[in-house]
Amino acid sequence: MVKRQLAERALMKALSTSGDFAELFFEDRLNNSITLQGGKVEVANTGRLHGVGVRVFKGTRSVYAYTNDFEEAGLLACAAQAASALKESERTGAPVIRLIGSVAANLHPVERLPGDVAGAWRVDRLRAADAVMKSVSSEITQTICRYADSDQRVVIANSDGLFIGDRRVYTRVTLSAVASDGTENQSGVSSPGAMGGAEFVERLDVEAHARKAANMAATMLHARQCPAGVSPVVIDGGFGGVIFHEACGHSLEATSVARGLSEFSGRIGQKIASDIVTAIDDGTMPGEWGSINIDDEGTPTNRLVLIENGVLRGYMIDRLNARRMGNASVTGSSRREGYTYAPTSRMRNTFIAPGSDDNDEMIRTMGDGLYAKTMGGGSVNPTTGEFNFAVMEGYLVKDGRIAEPVRGASLIGRGSEILLKIDRVGREMTMAQGVCGSVSGSVPTNVGQPMIRVSSLTVGGR
Amino acid sequence: MPVRSNVKVPDAMDAFIDKLLAAAKAGGIEQAEAYMRRTESFQSFVENGEVSEYGVNSSGGLALRGMVGGKMGIAYTEAFDDDAAEMLVSGVLESASLIEDPDEQFLFEGSPSYAELDTLAKTPGGGTVDEKIKYACDLEKLALSLDPLVTKLGYQNGVESTHTQVRIVGSNGLNLRREADGIGAVVMPVARRGERASDATGLRLARDLSDLPMEEMAREAVAEAVYMLDASPCASGSYEIIFRHDAMSVLLMTFQGVFSAENAQKGLSLLQGKVGETIAAPIVTLLDDPHREGGANTRSFDDEGVATYPKNVIDGGRLGTLLHNLKTAKKDGVSSTGNAAKAGYAAPVRVAPTNFYFKPGGDDLDALCERVGEGLVITDLAGVHAGANDISGDFSLLSKGYRVRGGRKAEPVEQITVAGNFFDMLKNIKAIGSDLTFPFGGTGSPSVWVGALSVAGK
C-alpha cells in the first residue's frame with residue numbers, strides 16, 4: 001500500500017520542527033452495504049475509503065493532520081503542515097529514521113473475504129430474515145434488514161522504527177422490525193456482528209435473530225408505559241453489558257483519566273465496585289466484534305483486567321495519554337474510526353466476568369422491580385459519572401415474579417454508585433455487538449455480562 | 001453561486017469527473033451523476049495556555065450515481081487513482097442490478113434558478129490560525145478566572161473551523177457548486193466542591209471568529225457548572241415543564257426525522273397521511289428555512305441539485321408539508337421541497353431539514369417561568385440516541401435543570417428523567433418563548449412550555 005522509504009521521508013518531514021515522535025496511519029478500506037426495506041433491496045452500495053493521518057507529539061502536545069493523498073507530494077505536504085504547527089523552535093538537522101517492516105499476527109482468520117461474496121448471496125440471507133420477521137405477527141408493518149461488511153487494510157509507521165501492516169475484516173447484520181396498530185409504533189432490533197467475513201453469516205442463526213427483533217416489537221406494542229420510580233433492577237446478559245460500558249468503561253479510558261477528569265482518576269488499588277464484580281476489556285477474543293490484532297498505534301492487543309473483585313486494577317491507555325500519566329504503559333487499545341481521527345484509548349470487548357449467582361434466585365428474591373431483558377444504547381458524562389440508558393424490552397417484576405411487559409423505561413445513575421450496588425452476578429456471560437461513539441469516532445465494541453442485579457436504581461418512565 | 005477565488009475545486013478533480021462520466025456512458029450507464037464533497041478543517045484545543053491538540057485536515061470523496069434499466073446504482077471512492085473510475089462504474093452496475101426498490105428514481109436536470117446566498121466567512125477560514133489559537137487560549141484563561149470553584153476544564157476547549165465544498169455534475173447537464181464556512185468555539189468548565197463535580201458546555205457557532213461571543217459563552221457555562229453543584233433529584237411526579245431553548249433544540253433534533261416523507265412512506269413516522277391535519281397546538285409554527293442568513297445549513301440547492309426554498313412545516317398547528325426529495329415527492333404526487341440530503345458524500349440520498357426551528361413567541365424565559373408558576377425548567381438532556389424513539393415518539397431522558405417556584409427560578413435539579421411522547425407534547429404546547437437559538441447547527445428553538453410531563457426523581 002505504501003513504500004517504506006516514502007514513510008521514512010514523511011516521518012522525517014513530520015519531525016523537521018520540534019516534534020519528538022511522529023506516526024503515520026495509512027488506511028485503504030472497502031465497504032459494502034445492502035439494505036432491504038420491506039423485503040425489497042433499497043440500498044446497495046460499495047465504496048472505498050482511502051487516506052493517511054499524520055500525528056506528531058511534542059511532550060504532551062499533539063498535532064494531527066490527514067489527507068486522501070498517498071502520493072509523495074501530498075503526503076509530504078501533509079507531514080510538513082503537521083510539523084509547522086510546532087514551528088516555534090526549529091530543529092537543527094532532522095533525525096534519521098529507519099523503519100523495520102512487519103505484519104501483525106492475525107488472531108482472527110477470515111475464511112470468506114467480503115470481496116469473494118456476491119451481492120445476491122447477501123440479499124438471499126437478508127430475505128430469509130425478512131420472511132421470518134413478517135411471519136411472527138400480522139402487526140409487523142415494516143422491516144429493515146441490513147448486511148454491511150468492510151475490509152480495512154492499514155499500515156502504521158512511527159519514528160521508533162515501527163512499520164506494520166494489518167487487515168481487519170468486519171461483518172454485521174442488522175435486523176429491525178416495526179410493529180404498529182395504526183396509531184402507535186414500536187420497534188425491535190437485533191444486530192449480530194463479528195470480526196470476520198461471510199462465514200460469520202453462513203453460521204449465524206439469522207432466523208433466531210429475526211424472531212427476536214420481531215417479537216420485541218410486537219411485545220412492546222402491547223406493553224404499558226413503565227412507571228417511574230426507584231427500585232431493584234435485574235439486567236439480562238448480552239447487550240445488558242452496556243450498563244458497565246457506560247457507567248464505568250468510558251470513565252476508565254485515559255482520555256478522561258489522564259487529565260484527572262474521571263471520577264475514577266487516581267483510584268488504582270481502591271475498591272470501586274461490589275466484591276462480586278470483576279470486569280475485563282479483552283481485544284484478543286477470536287473473531288469477536290470488538291477484537292483487534294494490533295491497535296491503531298500499532299501496539300499488539302491484549303487482555304486487560306479493569307476491576308478485580310471490586311478493586312480498580314487498570315485503565316485503558318494510549319500513547320499520548322501515557323505521557324500525560326507519567327509514562328504509563330500503553331494497553332494496546334488505542335483505536336479510531338479511520339484516518340480522519342487521531343486515535344485514543346477506547347474499549348474493545350468489555351464485560352463483567354461470570355459470578356456465582358443463580359438467575360432464578362435473583363429475580364425470585366428481588367420483590368417488586370424491573371427486569372430489563374434487552375437494553376438499548378446509552379451515554380455517560382465521564383466527568384460527573386452520570387449515565388443513562390434505555391430499556392428496549394422490559395418487564396415489571398411483582399413479588400419475585402416476572403409480570404407484564406413495559407415500554408419507555410430508562411435507567412439513570414452515577415457510575416461510582418451503581419458499581420457498589422451490584423448485589424448479584426450470574427454464571428453465564430454473553431456478549432452483544434455495539435458501535436461506540438467517542439472522540440476518535442465510531443468503533444466496533446462488544447459489551448457483555450451475565451445476568452446481574454442492582455439493588456436500587458432510578459427508573460425513568462411515566 | 002458565490003465562489004471565493006482563493007479556494008477552488010482542484011482542476012484535477014474536474015478532469016476526473018469528465019473522465020468518469022465518459023467511462024460511465026461507455027460502461028452502459030444510461031444517466032450518471034458525480035457528487036463530490038470536500039472539507040478542509042482546522043482544530044485547535046488548548047490546555048494550560050498551550051495548544052494540546054492541533055489538527056489541520058483536508059479530505060473528501062466522490063459518489064457516482066447511475067441509472068441502469070430504471071434502477072439507481074451507487075458507488076463511492078476517496079482514491080482517485082487509475083482504478084477509481086473503473087471501480088465506480090462496476091460498483092454502480094452491480095448496485096443497480098441488485099436494487100428492487102419499486103419507487104421511480106431519476107436524476108435531476110436542474111431548477112430554473114437558484115437563490116444567491118452568502119455562506120462564506122468574511123475572511124478565509126473565519127480568521128487566521130494565530131487568531132484562532134489566541135482565541136482558544138483567551139477563552140480557557142477567561143473560563144478559569146471567573147469562579148474559584150472552576151479550576152479545570154473538560155476534554156476539549158478551543159476552536160474548530162471548516163470549509164466545505166459540494167459539487168454536483170450530471171451527464172444531463174447539471175453542473176452546480178456550493179461552498180460554506182463554519183467556525184465554532186467550545187469551553188467545558190468543571191466545577192468541584194469536595195467530592196462533587198459538575199460540568200457545563202459553552203458552545204457557539206458562526207462563520208467568522210469575530211462573531212463568537214467569548215465573554216458570554218464562558219460566563220454562562222461557568223455559572224451553570226457552579227450552580228449545578230448543589231443540584232439533587234426532585235420528587236417523582238408530574239410537573240409543568242419548560243424546555244430551555246438548548247434542551248428544546250436537542251429534542252427537536254432528535255425527532256426531526258418524523259417530518260421526513262421518506263420515513264412516513266416507509267411506515268416509520270406517525271405523521272404519514274397527516275398533511276393538512278392539526279398535529280400541534282395553534283401557537284406552533286415550525287419552519288424549514290434554507291435561506292436563513294447565517295444559518296449553519298443555508299444552501300441554495302439540495303443534494304440532488306433541487307433549488308431550496310423556505311416553508312412552514314407546521315403552520316399554526318396544522319401539518320403544512322412533509323419534507324421531500326425527488327423520489328418521495330414523486331410517490332406522493334407533489335414537488336420536491338428541496339430537502340434531499342446525504343449524511344456524507346458516500347451516503348444514500350435521504351431527506352433532512354435545513355435550518356429548522358420553532359417560530360419564536362413574545363415571552364422570554366423569565367416571563368415563561370412566571371406564567372408557569374410551579375414547575376421545572378429543563379436545561380440539559382442526555383442520551384437522546386438511546387432514550388428517545390422517533391418511531392413511537394416516546395422519550396425518557398436523563399435531565400438537568402431547576403425548579404420553578406412562585407414563578408421564579410428556585411433550586412437546581414439533576415439525576416431525574418423526563419418522559420413523554422413527542423406527538424402528544426406538540427399538541428399540549430402552552431407557550432413558545434422569544435429566545436430562539438441554534439446551539440448545535442441547523443436545528444434550533446426558543447424555550448418552550450410543553451405542559452405537564454412525567455418526572456422520575458427520588
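The values are calculated or read from the model by the stated rules, or taken from the named source; none is laboratory data. In this text, all values refer to a predicted model and were calculated from it rather than measured experimentally. Glycine also receives a Cβ, built like all others from the backbone with ideal geometry; neighbour counts cover every protein chain displayed.
Key figures for this structure:
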| quantity | calculated |
| --- | --- |
| Yes/no for B:E104 being more than 8 Å from chain A (Cβ to nearest Cβ), modelled with pLDDT of 90 or more and surrounded by fewer than 17 Cβ atoms within 10 Å (Cβ to Cβ) | no |
| Meets criteria (more than 16 Å from B:P282 (Cβ to Cβ) and of a type in the set (A, V, I, L, M, F, W, C)) for B:A431 | no |
| Index of the failed condition, A:T174 passing every other in (1) over 18 Å from the mean Cα position of the chain (by Cα); (2) β-branched (V, I, T); (3) within 13 Å of A:R125 (Cα to Cα) | (1) |
| Selected residue (only one of A:T344, A:T350 is closer than 27 Å to A:C78 by Cα and crowded, with 24+ Cβ neighbours inside 10 Å) | A:T344 |
| Residues located in segment B:60-79, provided they are more than 18 Å from A:R153 (Cβ to Cβ) and at the interface with another protein chain (Cβ under 8 Å from one of its Cβ atoms) | B:G60, B:A63, B:G73, B:I74, B:A75 |
| Any strands (runs of 3 or more DSSP E) falling wholly within segment A:11-127 and containing at least 3 residues that are over 30 Å from A:A177 (Cα atoms) and more than 9 Å from chain B (Cβ to nearest Cβ) | A:21-37, A:40-58, A:100-103 |
| Filter result for the condition that a residue is crowded, with 22+ Cβ neighbours inside 10 Å and within 14 Å of another protein chain (Cβ to nearest Cβ), over B:D230, B:D199 | B:D199 |
| Count of residues meeting criterion [farther than 19 Å from A:H250 by Cα and assigned to a strand (DSSP E or B)] in segment A:411-445 | 5 |
| Boolean, B:G158 is farther than 21 Å from A:I412 by Cβ, in contact (Cβ under 8 Å) with a residue 12 or more places away in the chain and not assigned by TED's automatic domain parsing to the domain that holds B:K430 | yes |
| B:S396 of a type in the set (S, T, N, Q), assigned to a strand (DSSP E or B), crowded, with 20+ Cβ neighbours inside 10 Å and touching a Ser or Thr at 6+ places or on another chain (Cβ under 9 Å) | yes |
| Those residues of segment B:388-443 which are within 29 Å of A:E184 (Cα to Cα), of a type in the set (V, I, T) and more than 14 Å from chain A (Cβ to nearest Cβ), in sequence order | B:I429, B:I432, B:T443 |
| Filter result for A:R9 (closer than 16 Å to A:I97 by Cα and either touching a residue at least 40 places away in the same chain (Cβ under 8 Å) or assigned by TED's automatic domain parsing to the domain that holds A:A118 (or both)) | yes |
| Within segment A:82-96, tally of residues that are surrounded by 12 or more Cβ atoms within 10 Å (Cβ to Cβ) and modelled with pLDDT under 90 | 6 |
| Pick from segment B:127-154, criterion under 30 Å from B:G61 (Cα atoms) and within 14 Å of chain A (Cβ to nearest Cβ), ranking: nearest to the chain's Cα centre (by Cα) | B:K132 |
| Residues within segment B:211-234 that are over 28 Å from B:V450 (Cβ atoms) and either assigned to a strand (DSSP E or B) or touching a helix residue (DSSP H, G or I) at 6+ places or on another chain (Cβ under 8 Å) (or both), tallied | 5 |
| Subset of segment B:367-384 (residues that are assigned to a helix (DSSP H, G or I) and closer than 17 Å to B:D246 by Cβ) | B:L368, B:C369, B:V384 |
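Quick grid of which residues meet (1) surrounded by fewer than 15 Cβ atoms within 10 Å (Cβ to Cβ); (2) at pLDDT 95 or above:
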residue	(1), (2)
B:M13	no, no
B:K19	yes, no
B:A75	no, yes
B:V89	no, yes
